[in-house]
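Chemist: The structure's right below; bear with me while I get my questions together.
The values are calculated or read from the model by the stated rules, or taken from the named source; none is laboratory data. Predicted model, so just to flag it, every value in this text is computed and none were measured. We place every Cβ from the backbone using ideal geometry, glycine too, and count neighbours over all the protein chains shown. For the accessible areas, the whole protein counts, side chains as well, though only heavy atoms, and no ligand, DNA or RNA atoms are used. Shrake-Rupley method; radii C 1.70, N 1.55, O 1.52, S 1.80 Å.
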Amino acid sequence: MRNVWKDPVWSSVIAGLILAIGQLFFGLWGYVSVGAGWLWSTITANVPIPLWLIITGIPILILLIPVITRLIPDKEPNFTKYTRDHILGIDWSWKWIPPNKVRTEYKFDELTPRCPTCKSALNIDDYDGRLVYCINDSCKVSANKSALYP
């Protein structure tokens with residue numbers, strides 16, 4: 001009998017029989033049968049729909065999906081739009097990583113310094129005393145540590 005209750009089909013059949021017998025003894029079987037009949041007639045009712053409505057309605061609904069999704073407000077805070085700035089003579093860019101199961105706050109990632117003149121990536125903290133310098137050979141932008149930190 002325990003294996004019967006583990007099977008979802010047999011357990012639903014047995015539960016349905018217990019419910020039906022209980023309804024029969026409590027005198028509510030008439031209401032249950034009327035409700036089941038109404039539900040069945042509603043599900044199987046034939047409703048005539050004009051063909052022009054189907055032909056025009058489905059493409060309109062498909063085209064409305066992008067419009068509706070644009071009307072839904074963004075759930076991200078406004079500060080996530082702040083992704084670049086000009087600090088200490090260097091253009092910086094980054095992206096925000098939203099919270100997840102492990103972390104409850106936003107985190108920035110891919111912090112990238114860029115040259116203010118040619119927009120190339122900058123190398124950081126070279127061993128010859130320069131804090132940053134441009135990787136583009138034709139560009140001569142560089143900054144010493146002493147110039148940035150007086």
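Chemist: Hey, what do the phi angles of region 107-121 turn into as Karplus ³J(HN,Hα) couplings, whole Hz, using 6.51/-1.76/1.60 and θ = phi - 60°, x for Gly and Pro?
Modeler: 9, 9, 9, 6, 5, 10, x, 10, 5, x, 9, 10, 6, 7, 5
Chemist: May I pose another question? Starting from the amide H of Asp91, placed 1.01 Å from N in the peptide plane, find each other amide H under 5 Å away whose residue is 5 or more places distant or on another chain.
Modeler: Residues meeting the amide H criterion: Arg114.
Chemist: Once amide H atoms are built 1.01 Å from N in the peptide plane, which residues 5 or more positions from Ile97, or in another chain, come under 5 Å H to H?
Modeler: Under 5 Å from the amide H of Ile97: Lys107, Phe108, Asp109.
Chemist: Decide, for region 81-128, between rounded, prolate and oblate: order the square roots of the alpha carbon gyration tensor eigenvalues as a ≥ b ≥ c, take rounded if a/c falls under 1.5, and otherwise choose prolate if a/b is larger than b/c, else oblate.
Modeler: Verdict is prolate for region 81-128.
Chemist: Follow-up question, since we're still on this one. How much accessible area per residue does region 8-71 have, in Å², with a 1.4 Å probe?
Modeler: So region 8-71 comes to 90 Å² accessible per residue, rounded to a whole number.
Chemist: Using a 1.4 Å probe on the protein chains only, how many percent of the accessible area of region 8-71 belongs to carbon and sulfur?
Modeler: C and S fraction of accessible area: 82 percent.
Chemist: Please list, in order along region 46-53, the HN-Hα scalar couplings obtained from phi with the Karplus expression 6.51 cos²θ - 1.76 cosθ + 1.60 (θ = phi - 60°), rounded to whole Hz, x for Gly and Pro.
Modeler: Each residue of region 46-53 in turn: 8, 10, x, 10, x, 5, 5, 5 Hz.
Chemist: From the residues His86, Ile60, Ile97, which one has its Cα farthest along the dipole of region 41-109 in the positive direction, the dipole being from +1 and -1 charges on Cβ of Lys/Arg and Asp/Glu about the Cα centre?
Modeler: Going by the charge dipole, the pick is Ile97.
Chemist: Calculate the all-directions average of the projected area of region 8-71's alpha-carbon convex hull, and give it in nm².
Modeler: Computed as one quarter of the Cα hull surface, the answer is 8.6 nm².
Chemist: Another question, if that's okay. Taking the simple approach of a point 7 Å from Cα along Cα-to-Cβ for both Ile65 and Val34, what is their distance in nm?
Modeler: Here the answer is 4.3 nm between the modelled labels.
Chemist: To continue, here is another question. For Ser120, what residues show an amide H to amide H distance below 5 Å, using hydrogens built from the backbone and excluding near sequence neighbours?
Modeler: Residues meeting the criterion, in which the H sits 1.01 Å from N, are Cys115.
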